[in-house]
Amino acid sequence: MTTLIFANAFERPGSLPELATFFGNVERLGGGRLRIVLVNGWTSAADRDEERTILEDVATGAADLGWAGARAVGAVFGIRSIDPLLAPLLFPDEEAVRQFLAAASLAPLLAPLRDVGIAGLALLPGGVRRPFGISGPLVGLDDWQGKVIRTHASLSGFASIRALGAHPVLRSARELGGRPPRKVDGMDLHPRAVAARRYPGWLTRNVPLWPRLLLLAANQQRLDRLTRADRAVLEEAARQATADPGAALPSPTQVGLPRSVQLVEATEHDLARLRRQLQPVHDELRATSQGDRTLVSIERFLAA
């Protein structure tokens, strides 16, 4: 039996429903030959950039496998091939993200990770992040001016928040526990996270900021040392998890939000102003031929 160490930044395995299908696929396809040991709480609760820790540990071989938000790849390694998928206000909802990931050829976007010692096995859909206001609603452009927004390490995310006139900051799991973080006006959250955190505030239902994409990563050297059969199991398990991630991801209206959370909506005028303000982020992502091709393919897919 081959044992692989999987780094999970979260304290509990139940915090990873998006990866449950992959783990099940490995067990089914491997016939008991592969054993994945999930190491929970891999990073410190005080770590404000836990995804950097995970990615660097997978790259160096401290962990055989791991996951991180795909947004972090550019911030950690300077590799921007995945960033066009995270362009602001591009995907309209969770289902559109799921369908695109299942249909698209993602290998060219993941291939550059080999240069830093990582094999990108899959990009899995994990919902769509929307504005969650803590000190007040984040609906129109004026609501963002001067606000402090807790987010994750992401070059496109940072650029988008700054383009809206706000200030992106990182906060650790410890700082987020139990109550809204101090001196933070809002966050980019997907609906299930809003329900789980139970912070009081306002969730803007119809402003899909960017997808929450989970990068399933392996140490390239460890993957290469596996037998051809074991490597095929991991790759096929990841492919199937991308094509069919399991349970559908709920929209904001399908999640049981606490009574302390109020759903609000942007007007068409609000959305038009937000798109105009965020256009320079799209332009920057189109500046490379790969980025332009990726955005064109997404736009054609959505139009169809």
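The values are calculated or read from the model by the stated rules, or taken from the named source; none is laboratory data. The model shown is predicted, which means the values in this text are computed figures rather than measured ones. Using ideal geometry, Cβ is built from the backbone for each residue, glycine included, and neighbour counts are taken over all protein chains shown. For the accessible areas, the whole protein counts, side chains as well, though only heavy atoms, and no ligand, DNA or RNA atoms are used. Shrake-Rupley method; radii C 1.70, N 1.55, O 1.52, S 1.80 Å.
Of the listed requirements (1) out of contact with any Leu (no Cβ under 8 Å at 6 or more places or on another chain); (2) part of a helix (DSSP H, G or I), Glu236 misses just one: (1). Among residues of the range 181-196 being in contact (Cβ under 8 Å) with a residue 40 or more places away in the chain and closer than 15 Å to Trp144 by Cα, the one that is most open to solvent (accessible area, probe 1.4 Å) is Asp185.
Would you call Arg182 part of a loop (DSSP other than H, G, I, E, B) and in contact with a strand residue (DSSP E or B) (Cβ under 6 Å, 6 or more places away or on another chain)? No, not satisfied.
Within the set Gly74, Gly120, the sole residue that is surrounded by 23 or more Cβ atoms within 10 Å (Cβ to Cβ), under 28 Å from Ala232 (Cα atoms) and under 17 Å from the mean Cα position of the chain (by Cα) turns out to be Gly120. Residue count for the range 161-202, restricted to those that are within 15 Å of Ser135 (Cα to Cα) and either at pLDDT below 85 or of a type in the set (Ser, Thr, Tyr) (or both): 2. Note on the range 287-304: residues that are of a type outside the set (Gly, Ala, Ser), in contact (Cβ under 8 Å) with a residue 12 or more places away in the chain and under 11 Å from Ser81 (Cβ atoms) total 3. With respect to being at pLDDT below 95 and either surrounded by fewer than 19 Cβ atoms within 10 Å (Cβ to Cβ) or among the β-branched types (Val, Ile, Thr) (or both), Val255 fits the description. Of all residue pairs spaced 6 or more apart or on separate chains, those with beta-carbon atoms under 7 Å, a first member in the range 150-164 that is open to solvent by less than 10 Å² (accessible area, probe 1.4 Å) and a second member that is hydroxyl-bearing (Ser, Thr, Tyr) are Gly157/Thr151; Ile161/Thr151.
Go through the residues of the range 53-62 one by one and say whether even a single one is in contact with a Ser or Thr (Cβ under 9 Å, 6 or more places away or on another chain) and open to solvent by less than 10 Å² (accessible area, probe 1.4 Å). Checking the range 53-62: at least one residue is in contact with a Ser or Thr (Cβ under 9 Å, 6 or more places away or on another chain) and open to solvent by less than 10 Å² (accessible area, probe 1.4 Å). Taken over the range 17-42, the criterion of being crowded, with 20+ Cβ neighbours inside 10 Å and assigned to a loop (DSSP other than H, G, I, E, B) is satisfied by Trp42 alone. Selection of the range 4-16 for residues being part of a strand (DSSP E or B) and either open to solvent by less than 50 Å² (accessible area, probe 1.4 Å) or within 17 Å of Ala232 (Cβ to Cβ) (or both) yields Leu4, Phe6, Ala7, Asn8. A search for C-beta distances below 7 Å between a residue of the range 104-123 that is within 20 Å of Glu18 (Cα to Cα) and any residue that is in a loop (DSSP other than H, G, I, E, B), counting only pairs 6+ apart in sequence or on different chains, returns Leu123/Ala70; Leu123/Leu106. All conditions but one from (1) over 23 Å from the mean Cα position of the chain (by Cα); (2) open to solvent by less than 50 Å² (accessible area, probe 1.4 Å); (3) closer than 14 Å to Leu90 by Cα apply to Ala266; the one that does not is (3).
Each row is one residue, and each column tells you yes or no for (1) crowded, with 18+ Cβ neighbours inside 10 Å; (2) touching a Pro at 6+ places or on another chain (Cβ under 7 Å).
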| residue | (1), (2) |
| --- | --- |
| Ala166 | yes, no |
| Arg179 | no, no |
| Leu203 | yes, yes |
| Leu216 | yes, no |
| Asp224 | no, no |
| Arg259 | no, no |
| Gln262 | no, no |
| Asp270 | yes, no |
